[in-house]
Amino acid sequence: MVCFYNPPRDPHLSRSAPISFRAMEPKFEYLVVGAGPAGLAAANALAAAGAASVAVFDARKRPEEVFGSYPVVLNARGLAALEAVGVDAKEVGMEVKELHIVPENRTVAQVRAYGTCIMRDQTAKLLLDKAEANEKISCFWEHKLMDLDLTTKTCTFELADGSQKAVVAERLVAADGNRSKARRFCEEKIEGFTAELIPWGFQLRFMNSQGVPGQTAVDPANHFVLGDKGYVCQQPDGVWSISLRVLESDPAFLTSNEATEENIQQLKEYVQTHAKVVADNLLDDDAYKKFYECRAFDGVVVKCSSLNPADWICIIGDAAHAVQPATGEGINSGLEDAAVLGAMLKETPEDPFGAFDARQRPNAHALQQLALKAAERVNKPPPRQQAVNVMVTIGLQVAKKLHIIEGTNQDFSIGEKAKTSSKSYSELIDMEARQTKGLRPVANFLATLFRVPKEYPKEEDKVTRRCA
Ligand SMILES: Cc1cc2nc3c(=O)[nH]c(=O)nc-3n(C[C@H](O)[C@H](O)[C@H](O)COP(=O)(O)OP(=O)(O)OC[C@H]3O[C@@H](n4cnc5c(N)ncnc54)[C@H](O)[C@@H]3O)c2cc1C
């Protein structure tokens with residue numbers, strides 16, 4: 001059971017801050033930290049699986065404007081998990097029919113897709129509506145987790161007015177995102193529990209636009225991967241979303257927050273060069289200007305040594321296994337966690353968190369591998385590795401055409417095959433390892449034979465060559 005009480009005053013808090021402690025008496029069986037898609041889905045799944053009461057705490061205000069967030073694609077995995085808690089995202093999302101891979105203005109692949117494009121906050125809102133209609137679930141906004149006492153099983157939250165609230169938890173679900181504080185407290189306080197964090201290595205910045213009226217060149221049913229440069233899709237509200245990858249080493253017109261004429265002009269030229277169809281059909285002056293007001297998103301890829309660091313704590317969603325956007329599995333894996341957690345409570349009511357860890361830990365570790373592979377599509381690896389990756393991709397497409405393999409990793413995650421045949425992340429990793437076992441050494445041999453450089457030329461070599 002969860003209960004609230006007045007904790008002793010925290011001596012570390014500033015004297016000037018008005019601090020008061022609040023006493024509340026309601027009791028809850030489960031405490032969920034984080035009202036993102038994973039936390040809200042978990043609250044619904046636990047309530048449906050028999051939990052007597054669930055309390056969800058989030059640092060943010062109750063979200064009202066769902067289109068302020070960014071678009072994501074729910075694949076078969078995410079859609080099935082939502083369905084399990086009675087949420088139909090297809091009603092408010094947009095069907096994604098094809099994924100077009102368009103590096104440097106050349107369409108190199110068109111892949112049939114099965115998914116629903118929806119805003120991240122739109123998914124959370126659907127789950128929130130469901131939770132608020134369930135009398136077993138209570139939501140607390142503007143409650144920021146500040147401390148976790150493992151001996152007394154107490155979470156301390158800071159409220160908007162600076163006061164603190166302490167809540168004793170019987171069972172705690174940590175769903176507070178990729179920079180999870182709950183996970184960090186576990187790392188600090190639980191011997192043997194570790195979390196590996198690898199930064200994405202880039203940022204994403206967004207431009208939004210209504211598109212040129214009457215344009216038909218860009219089909220809203222398709223999503224576009226601009227090679228390693230960005231991603232384009234239409235949001236369910238009809239607004240086009242153009243995200244650009246920004247590296248620390250990129251020129252100022254990409255990294256700056258100043259909408260100067262020079263920056264805007266160079267940004268326009270950049271989009272013309274790398275995505276002409278987008279520049280000609282989707283963007284207007286206002287969209288280019290707004291690029292400089294847009295918050296830049298970054299993040300980390302997370303791998304935890306356990307998803308059940310203490311018998312009363314379970315870590316789910318991005319807190320447990322954040323990936324990076326090119327993986328396409330962030331929200332989907334978090335929703336799946338929630339569905340699995342509900343199933344584990346039904347199957348193993350005496351230890352649902354232990355059962356969850358046994359089931360999902362291999363998948364969480366496989367996800368990290370998928371995320372690091374996806375990162376190679378965005379942060380270009382050295383030339384030989386790139387050449388090997390291209391040869392392996394072509395080899396897999398040929399093997400698929402010749403019916404030597406049933407499908408590739410993508411077919412079973414975002415493609416149509418995912419509709420009829422579900423594979424866990426560890427099965428996907430094993431399948432790809434089997435499929436590429438013979439291909440990779442051959443590709444490596446060919447890349448070496450044709451003397452594709454193993455590493456990028458050193459900076460001074462580049463300068464010498466430029467001067468010559
Ligand atoms: C730009 C971008 C594009 C993306 N695109 C895709 C995509 O196309 N496909 C895909 O599958 N995934 C995508 N993702 C990833 C996806 O958004 C996340 O995987 C998903 O939102 C994770 O859900 P979550 O509930 O685990 O965590 P979050 O969505 O991060 O939610 C965590 C919640 O915890 C709360 N919180 C944090 N700290 C505290 C605290 N101390 N106390 C209380 N509450 C706290 C936060 O306010 C938040 O509401 C993208 C992510 C980004 C940033």
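State the number of residues belonging to the stretch 54-96 that are crowded, with 17+ Cβ neighbours inside 10 Å and assigned to a helix (DSSP H, G or I).
Going through the stretch 54-96 one residue at a time, the tally reaches 10.
If the requirement is being of a type outside the set (S, T, N, Q) and not assigned by TED's automatic domain parsing to the domain that holds residue 179, which of these qualifies: 339, 296, 343, 319?
The conditions single out 296.
Filter the stretch 400-448 down to the residues that are closer than 17 Å to residue 389 by Cβ, among the polar types (S, T, N, Q) and in a helix (DSSP H, G or I) and list them by number.
409, 410, 435, 436, 444, 448
Within the stretch 382-403, is even one residue at pLDDT 85 or above, away from the ligand (no atom under 14 Å from the Cβ), surrounded by fewer than 23 Cβ atoms within 10 Å (Cβ to Cβ) and closer than 22 Å to residue 303 by Cα?
No, because not a single residue in the stretch 382-403 is at pLDDT 85 or above, away from the ligand (no atom under 14 Å from the Cβ), surrounded by fewer than 23 Cβ atoms within 10 Å (Cβ to Cβ) and closer than 22 Å to residue 303 by Cα.
For the stretch 21-35, give me each residue that is at pLDDT 85 or above and out of contact with any helix residue (DSSP H, G or I) (no Cβ under 6 Å at 6 or more places or on another chain).
28, 29, 31, 34, 35
Being closer than 23 Å to residue 74 by Cα and of a type in the set (D, E, K, R) narrows it down to one of 351, 411, so name that one.
Within the list 351, 411, the selection yields 411.
Could you please let me know if residue 60 is at pLDDT 95 or above and of a type in the set (D, E, K, R)?
yes
Are there any pairs, at least 6 apart or on different chains, whose C-beta atoms fall under 7 Å, with the first in the stretch 438-449 and closer than 11 Å to residue 392 by Cα and the second among the hydrophobic types (A, V, I, L, M, F, W, C), and if so, which?
Partner pairs satisfying both residue conditions: 439/392; 440/388; 440/392; 443/388; 443/391; 443/392; 444/388.
Name the residues in the stretch 335-349 that are crowded, with 24+ Cβ neighbours inside 10 Å and either in contact with an Asp or Glu (Cβ under 6 Å, 6 or more places away or on another chain) or farther than 27 Å from residue 150 by Cβ (or both), would you?
Correct list: 335, 336.
Based on this model, can you work out whether residue 99 counts as more than 10 Å from the ligand (Cβ to nearest atom), outside any loop (DSSP other than H, G, I, E, B) and not assigned by TED's automatic domain parsing to the domain that holds residue 347?
Criteria met by residue 99.
Could you tell me which numbered condition residue 202 fails, if it satisfies all but one of (1) modelled with pLDDT of 95 or more; (2) under 30 Å from residue 316 (Cβ atoms); (3) within 21 Å of the chain's Cα centre (by Cα)?
Of (1) modelled with pLDDT of 95 or more; (2) under 30 Å from residue 316 (Cβ atoms); (3) within 21 Å of the chain's Cα centre (by Cα), only one is false for residue 202: (1).
Among the residues of the stretch 91-109, is there at least one that is under 25 Å from residue 238 (Cβ atoms) and free of Cβ contacts under 8 Å to residues at least 24 places away in the same chain?
Yes: the stretch 91-109 contains one or more residues that are under 25 Å from residue 238 (Cβ atoms) and free of Cβ contacts under 8 Å to residues at least 24 places away in the same chain.
Considering only strands (runs of 3 or more DSSP E) fully contained in the stretch 158-216, which possess at least 2 residues that are in contact with a helix residue (DSSP H, G or I) (Cβ under 8 Å, 6 or more places away or on another chain), of a type in the set (A, V, I, L, M) and within 16 Å of the ligand (Cβ to nearest atom)?
Per the criteria, 171-174, 195-199, 203-209.
Of the numbered conditions (1) more than 16 Å from the ligand (Cβ to nearest atom); (2) at pLDDT below 95; (3) crowded, with 19+ Cβ neighbours inside 10 Å, residue 378 fails exactly one; give the number of that condition.
Failed condition: (1).
So which residues in the stretch 289-303 are more than 23 Å from residue 175 (Cα to Cα) and surrounded by 20 or more Cβ atoms within 10 Å (Cβ to Cβ), if there are any at all?
291
Within the stretch 165-178, count every residue that is surrounded by fewer than 24 Cβ atoms within 10 Å (Cβ to Cβ), under 20 Å from residue 338 (Cβ atoms) and of a type in the set (D, E, K, R).
Matching residues across the stretch 165-178 total 2.
If you go through the stretch 249-265 one residue at a time, do you hit one that is buried (at least 19 other Cβ atoms within 10 Å of the Cβ), of a type in the set (Val, Ile, Thr) and farther than 30 Å from residue 149 by Cα?
no
The values are calculated or read from the model by the stated rules, or taken from the named source; none is laboratory data. These numbers were taken from a predicted model, which means no experiment stands behind them. All Cβ positions, even for glycine, are placed from backbone atoms using ideal geometry, and neighbour counts span all protein chains on display.
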